[in-house]
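The next block holds one structure in the form of structure tokens; read it before the comments.
Here, each number is a calculation from the coordinates, and none is a lab measurement. Remember, it's a predicted structure, so these values are computed and weren't measured experimentally. Here the Cβ is made from the backbone with ideal geometry for all residues, glycine too, and neighbour counts use every protein chain on show.
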Amino acid sequence: MTSPSISVSVKFFAAYQDAYGVPEAIWSFASGACVADVLDRCLGEHPQLEPLRHRTRFGIDLEFVEGTTPLADGNEVVLIPPVSGG
């Protein structure tokens, strides 16, 4: 028996958007996944982004959250890398 899956909308910014070439994607995860699982998938698909692992912030549905925050079906997850500007 397989565990139920959830779908989340993942929004990419800055280096993440450059790597994927799109501003967002819909990804499926096993029930019980957390926000850090989104980052793990992203870095697994684009290892060149690994230096951002410990500097990326996360958001779910317009609120900052920790990587251990559980995902729910339909969440909008945002990966926010460090940015600079003037």
Original post:
When only Cα pairs under 8 Å and 6 or more residues apart are kept, what is the percent relative contact order across the chain?
Top reply: 39
Original post:
Under a point spin-label approximation (7 Å from Cα along Cα-to-Cβ), what is the R53-A14 distance to one decimal in nm?
Top reply: 1.8
Original post:
Hey, rough spin-label estimate for E66 and S28, points 7 angstrom out along Cα→Cβ, what's it come to in nanometres?
Top reply: 3.1
Original post:
So, by mean Cβ neighbours within 10 angstrom, what's the order for 71-79, 19-27 with the highest one leading?
Top reply: 71-79, 19-27
